[in-house]
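Engineer: First, the structure itself, so that you have it in front of you.
Derivation of every value follows stated rules applied to the coordinates shown; laboratory data play no part. These figures come from a predicted structure and were not determined experimentally. Cβ sites come from the backbone with ideal geometry, for glycine too, and all protein chains shown count toward neighbours.
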Amino acid sequence: MAAFRKRGNKWEYRASYKDPFTQEYKVKSKGGFSTKKEAQMAAADAEKQIAEGLETTEGNISLSFYLNNWLVEYKKETVRKNTYDLHERNVRNHILPYFKNISLVDVKPIMYQKFLNHLTNQDYSKRTVEIIHGTMYNAMEKALVLGKLKKNPCRGATISNRNAKEDTGLKYMRSEDVPSFLQTAFKYNYIYYIFFKVLIESGMRKGEAAALQWTDIDLKENRISITKSLDFQADSEEGLFGDTKTYNSKREIVMSQSIMNELRDHKKWQNNNKLTLNDIYKHDLNLVFCRIDGNYLPKSTLFNAFKRILKQAELQQLPIHSLRHTHAVMLLESGSSMKFIQDRLGHGSMAITADVYSHVSDRLSKESIEEYEKYVSLFLK
C-alpha cells in the first residue's frame, strides 16, 4: 500500500515493496503532483508495474512497459550499441507513438498490419519499414518465450512494395575516375583528400576510418587495426567510440607502402597543428582523421565535401559508402580472391562478399575471356 504526503503545494507517493531476489525492502517514490488524486493514480500504476514485473505470465501489461523493459533486459549489453540504438529509436519514434497505451495482449495481427501500412503511407522506404518491423517482430517473439503472448501478431504481416527503391546495382567509382577524384579532393581540402584516399585504399566504412586513432596505426609494419566505429550522433566524448558494425568487422589490414608514407606525412602535419594550437587542440581524442583542432569530422561535413568534390570533378554523384565498393572492385580487377576481399572488408562470410560482388567478378571474367579469344585468334586463323 502506497503512502502519500504533501510537500509544499505538491503531492508525493511512496510505494514499498520486497525485492524477490535480494529479499530486501525497497521504496519507489515520486513527487510533483498537483493533487492527491494524481499521486494516487500514479502510485497505482507504479504498484501494478512492481507487482507484474517482467516475469508475470498474466500478460496484462502495457506494450510500452513491455518494450521498454525488453530493451533494457534483453537488448542492452547483449547486442552492439548501434543495434541497440536502432531498436530504441524504432520503439520511441515509431512503435509507441502509434500504439500508445495499448496492452501487450491487445496488439492483434490486423492492427499490426495497419501499422505497417501506416508507415508506408508516411512515405517511409520499404527498407525502413522492414527495419522497424524487425524490431517489433523480435520483441514479440521474446514475449512468446516469456509466456506473455500465445501468438506473435507480427507473423504473416506483409510490407508494401510501393516505396521500394529501384535496384540500380552496385554503386562504385570507376578505377579510371579515381585519380581525377583525388586530385580534385586535394585542391578542395587536404583533410578530406587524405580521408577519402584511405577509404579507397582500405575498404573501411566511413565510421571505422573516422574512429581511427594513432594507436591503431602501425607505421613500421604498414598495418591498421580496425576495432571501433565513430558514433556520429554521440552526446558526449565518452560515447564517441562505438562498436564496429559486426563482430567480424574487427580486423587488421595491411596497407600499401605509398599510403603509409602519406600517413607519416599526415602525422607530421597534424603535429604542427598540435604545437600551434596547444591547449585548444583535442589531444585526448588522438584521432588520425580530424579537423584542424583535433575534433572529429561530423558526418554532415563529410557528406557535403564528398558531394562537392564529385561535382567539381564532373563525376557521377555517389554515396560515400561507394568508396568501400570501389576498393573491392579494384581488388577484383587486380586479381584478388573473394576470400581475401572478405577478410579485408570484414564480412561475416564469403557468401556475403560473393553476393555483393559476383556480377562484377562475372564482368571481369567475361572481359578476360574476350581478351583470351583475341589472343588465341592470332594463332588459330
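Engineer: Between region 296-313 and region 61-94, what is the C-alpha centre distance in whole Å?
Structural biologist: The distance from the Cα centre of region 296-313 to that of region 61-94 comes to 33 Å.
Engineer: Can you give me the relative contact order of region 46-178 as a percent, contacts being Cα pairs under 8 Å and 6 or more apart?
Structural biologist: Relative contact order of region 46-178: 28 percent.
Engineer: Could you tell me what fraction of 2.2 N^0.38 Å the Cα radius of gyration of region 175-369 comes to, as a two-decimal ratio?
Structural biologist: Region 175-369 yields a ratio of 1.05.
Engineer: Which residues among region 218-241 fall inside the zone where the amide N is under 15 Å from a point 7 Å beyond the Cα of K274, along Cα→Cβ?
Structural biologist: It comes to 218-219, nothing else.
Engineer: List every residue whose amide H lies under 5 Å from the amide H of E252, counting only residues 5 or more places away in sequence or on a different chain, with H placed 1.01 Å from N in the peptide plane.
Structural biologist: I226
Engineer: Exceeding 22 Å between C-alpha atoms, which entries from my cross-link table qualify? They are K18/K48; K10/K100; K245/K299; K81/K228; K148/K245.
Structural biologist: The pairs that break the limit, which is 22 Å between Cα atoms, are K10/K100; K148/K245.
Engineer: Within region 180-275, report the GluC sites (Glu not before Pro) that DSSP leaves as loop and that have at most 11 other Cβ atoms within 10 Å.
Structural biologist: When the GluC sites (Glu not before Pro) of region 180-275 are filtered for loop state and at most 11 Cβ neighbours within 10 Å, E221 remain.
Engineer: For region 1-52, what is the Kirkwood estimate of the hydrodynamic radius, computed as the reciprocal of the mean inverse distance between distinct Cα atoms, to one decimal in Å?
Structural biologist: 11.3
Engineer: Pairs of Cα atoms under 8 Å, at least six residues apart: use those to get the relative contact order of the chain, whole percent.
Structural biologist: 12 percent.
Engineer: To one decimal place, what Kirkwood hydrodynamic radius in Å is obtained for region 59-166 from all pairs of distinct Cα atoms?
Structural biologist: By the Kirkwood definition, the hydrodynamic radius is 14.1 Å.
Engineer: Which Cα, out of L212, A328, M140, lies furthest along the positive dipole direction of the chain (beta carbon charges, K/R +1, D/E -1)?
Structural biologist: Toward the positive end, the furthest listed residue is M140.
Engineer: Does anyone have the angle between helix 350-377 and the longest principal axis of the chain? Alpha-carbon axes, 0 to 90°, nearest 10?
Structural biologist: 20
Engineer: Taking 10 °C and 1.306 mPa s as the conditions, I'd like the Stokes-Einstein D for the chain in µm²/s, using the Kirkwood hydrodynamic radius from alpha carbon pairs.
Structural biologist: It diffuses with D of about 63 µm²/s by this estimate.
Engineer: Another question, then. Kindly express, to the nearest 10 degrees and within the range 0 to 90, the angle between helix 36-52's C-alpha long axis and the longest C-alpha principal axis of the chain.
Structural biologist: 70
Engineer: On to the next question. For the chain, what is the calculated [θ] at 222 nm in deg cm²/dmol (nearest 500), taking -39500 (n - 2.57) for each run of four or more DSSP H residues and dividing by its residue count?
Structural biologist: Helices in the chain give a 222 nm mean residue ellipticity of -15500 deg cm²/dmol.
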